[in-house]
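Take a look at the structure set out below.
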Amino acid sequence: YEKYKAVLKLRRRTATASQPRLEVLELDSRHGFGFAVRAAMDYVRTPYVIVMQHDRPFTRAADIPRVLTAMEANPGRYKYVGMPTSTTFGHQYHVLSKYRIRVERVKADEKGLQF
């Protein structure tokens, strides 16, 4: 993990005309995922944030611009979108089997994007 963090820190950069600033924030103690993300929000000046955990890689390609377009078209409806990971892939089946709650996909745009 230390090697991973060292490599990540090498990717820090200042903003340019074609690339945004990239910063690595390392907290001085363990805070848990939610509080770590919250601490990072103090540094954010953009309307959107994508959080990519090192141990939860995406399971397939994600069309981020399309997701943002859907969010902007329905700002009252979509405030958070979780990307597909091995954990979320089976979520609707887990909820159905454990709680007997059916989680249906929601049509997010006219081209078939679903959340």
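Residues in region 37-69 that are surrounded by 10 or more Cβ atoms within 10 Å (Cβ to Cβ) and among the small types (Gly, Ala, Ser): Ala39, Ala40, Ala62.
Pick from region 70-115 the residues that are exposed (fewer than 10 other Cβ atoms within 10 Å of the Cβ) and within 19 Å of Pro47 (Cβ to Cβ): which of them is nearest to the chain's Cα centre (by Cα)? Residue satisfying both the conditions and the ranking: Tyr80.
None of the figures in this text is laboratory data; all of them are computed from the coordinates on show. Treat the numbers as computed from the prediction; the structure is a model and nothing was measured. No Cβ is skipped: glycine too gets one built from the backbone with ideal geometry, and neighbour counts run over all protein chains shown.
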